[in-house]
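Comments concern the structure below.
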Amino acid sequence: MATQWTAGTTSGQVLTAATLNTIGAAWESWTPVWTGSTTNPVIGNGTISGTYTRINKLVIAEGAIIMGSTTTYGTGTYRISLPFGTAVSVNGSVGYATVFDASAGYVAYTGLATQSTTSVFEFRIGNGLGQFSPTVPVTLANADQFRFTFIYQAA
């Protein structure tokens, strides 16, 4: 993890525009960990990626899982790791996520990203469909996508 605050100011130093421009350094790459509550999925030839920025305790992160032809889907409710642990209680809403069904022309299913623990979140699909799993909201297959964004307070 790179340092997000690099101003190096000291007490009594004049704060300049150049120093202010160092707040919130460039977004950092991060690889989310994708697990299942019963059996973990395996990405195979799919991709998992993410980026985040952190300013003091504020974390903004986004990521994507794109299923490949050799991806296996595991069992149980899916969970995605956060780049940093949260200060918010479990079951707090930390963002949103969308599942895109490639076989249906990328129909989107959206919902809330909620904390399962202080280090992972689960995805609750809208309209009472339940929690994101290998078969909810659709049976996952090659080229389907899971994209998520969250904003939260780090511990």
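Quick notes on this one:
- Residue in segment 77-92 that is most open to solvent (accessible area, probe 1.4 Å), counting only those that are closer than 18 Å to LEU129 by Cα and assigned to a strand (DSSP E or B): ARG79
- Only one of GLY128, GLY95, GLY63 that is modelled with pLDDT of 90 or more and either open to solvent by less than 40 Å² (accessible area, probe 1.4 Å) or outside any strand (DSSP E or B) (or both): GLY63
- On the stretch given as segment 143-155, residues that are surrounded by fewer than 19 Cβ atoms within 10 Å (Cβ to Cβ) and outside any strand (DSSP E or B) total 2.
- Looking only at segment 131-142, residues that are open to solvent by 30 Å² or more (accessible area, probe 1.4 Å) and within 26 Å of TYR52 (Cα to Cα) come to 1 in all.
- Every residue from segment 66-76 that is within 18 Å of GLU122 (Cβ to Cβ) and surrounded by fewer than 17 Cβ atoms within 10 Å (Cβ to Cβ): THR75, GLY76
- Residue ID - nearest to ILE66 (Cα to Cα), chosen from residues in segment 17-36 that are among the hydroxyl-bearing types (Ser, Thr, Tyr) and modelled with pLDDT of 75 or more: THR31
The values are calculated or read from the model by the stated rules, or taken from the named source; none is laboratory data. Nothing here was measured: the structure is a model prediction, and the numbers come from that model. Heads up, the Cβs are rebuilt from the backbone with ideal geometry, glycines too, and the neighbour counts pull from every protein chain shown. The area values use the complete protein model at the heavy-atom level, side chains included, leaving out ligands, DNA and RNA. Shrake-Rupley method; radii C 1.70, N 1.55, O 1.52, S 1.80 Å.
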